[in-house]
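*Asks:* Okay, handing you the structure first.
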Amino acid sequence: MQAILIGFMGSGKTTVGRILARTLATEHADLDDLIVQRAGQPITAIFAEHGEGYFRQLEHQTLLQALGTPGILSTGGGTPTITMNAVSLKQSAVPVIWLTASDQTIIDRVQNDAGRPLVNELDRSALLALKKRRQSLYAAAADLTIATDRLTPQQIAQQIQNWL
Ligand code: S3P
């Protein structure tokens, strides 16, 4: 991998990752999509049928595999918050970019998305409490942090490209 995007659900990891990969003329991989392919089930079904612990195991195995391939990787919102993943990210020595967004931006983007099990399970305040708890873990994993609220996905991708 050339770069890894991390951040809470709705921070723009997938959108920005696709644009960045296109500008750098490289591959884009979305960790959630790779997990869905591997499991043969949507994320919501994996959570519902097997639970979050099973999802995290799949996520870790899929991350290890993805780290060995070229391109840009957009992770899931929980990926770097799991210790074994945080260790693998550090060991990979691939630049990690954290996309941050305000609480309101995140809520606006995720509230109507039925494809995210944690959004379905948690109310607004629980979701924002989870976001707050994860901040220090994202910060520990990140080599570059970009506050995205006032930027377009193209501008974010441009900033990353300039920094890489
Ligand atoms: C999760 C975020 C999701 C997905 C899963 C768990 C999380 O990814 O991996 O639903 O723990 O925050 P996105 O950030 O792409 O929504």
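*Asks:* Return the residues of region 1-51 that are more than 13 Å from the ligand (Cβ to nearest atom), surrounded by fewer than 19 Cβ atoms within 10 Å (Cβ to Cβ), within 29 Å of Ser136 (Cβ to Cβ) and of a type in the set (Val, Ile, Thr); say none if nothing qualifies.
*Replies:* None; the set is empty.
*Asks:* Next question. Would it be correct to say that Leu130 is within 11 Å of the ligand (Cβ to nearest atom) and not small (Gly, Ala, Ser)?
*Replies:* Working: within 11 Å of the ligand (Cβ to nearest atom): yes; not small (Gly, Ala, Ser): yes.
Answer is yes for this residue.
*Asks:* Looking only at region 93-120, filter to residues that are part of a helix (DSSP H, G or I) and farther than 24 Å from Gln158 by Cβ; which one of those is farthest from the ligand (Cβ to nearest atom)? Don't jump to the end; show me each part of the working.
*Replies:* Filtering region 93-120 down to residues part of a helix (DSSP H, G or I) leaves 103-110, 117-120.
Filter again for farther than 24 Å from Gln158 by Cβ, leaving 103-104, 107, 110, 117-120.
On the way: Asp103: 15, Gln104: 17, Ile107: 13, Val110: 7, Pro117: 5, Leu118: 5, Val119: 8, Asn120: 9 Å.
Step by step, filter region 93-120, then rank; the result is Gln104.
*Asks:* Could you tell me which of the residues Leu89, Leu164, Leu144 is within 16 Å of the ligand (Cβ to nearest atom) and either within 16 Å of the chain's Cα centre (by Cα) or surrounded by fewer than 18 Cβ atoms within 10 Å (Cβ to Cβ) (or both)? Break it down into steps so the answer makes sense when it comes.
*Replies:* Numbers: Leu164 fails: within 16 Å of the ligand (Cβ to nearest atom); Leu144 fails: within 16 Å of the ligand (Cβ to nearest atom).
After applying the criteria, what remains is Leu89.
*Asks:* Which of (1) touching a helix residue (DSSP H, G or I) at 6+ places or on another chain (Cβ under 8 Å); (2) within 20 Å of Leu73 (Cα to Cα); (3) at pLDDT 95 or above does Arg116 not meet, given it meets every other one?
*Replies:* (3)
*Asks:* So, of the residues in region 52-65 that are in contact (Cβ under 8 Å) with a residue 24 or more places away in the chain and away from the ligand (no atom under 13 Å from the Cβ), which turns out to be farthest from Ala141 (Cα to Cα)?
*Replies:* Gln65
*Asks:* Does any residue of region 83-94 turn out to be aliphatic (A, V, I, L, M) and without any contact (Cβ under 8 Å) to a residue 12 or more places away in the chain?
*Replies:* The first filter runs over region 83-94 and keeps only residues aliphatic (A, V, I, L, M), leaving 84, 86-87, 89, 93-94.
Within this subset, residues satisfying the condition of being without any contact (Cβ under 8 Å) to a residue 12 or more places away in the chain are 87, 93.
Yes - at least one qualifying residue is present in region 83-94.
The values are calculated or read from the model by the stated rules, or taken from the named source; none is laboratory data. Computed from a predicted model, the values in this text were never measured in an experiment. Reconstructed Cβ throughout: ideal geometry from the backbone, glycine too, with neighbour counts over all protein chains shown.
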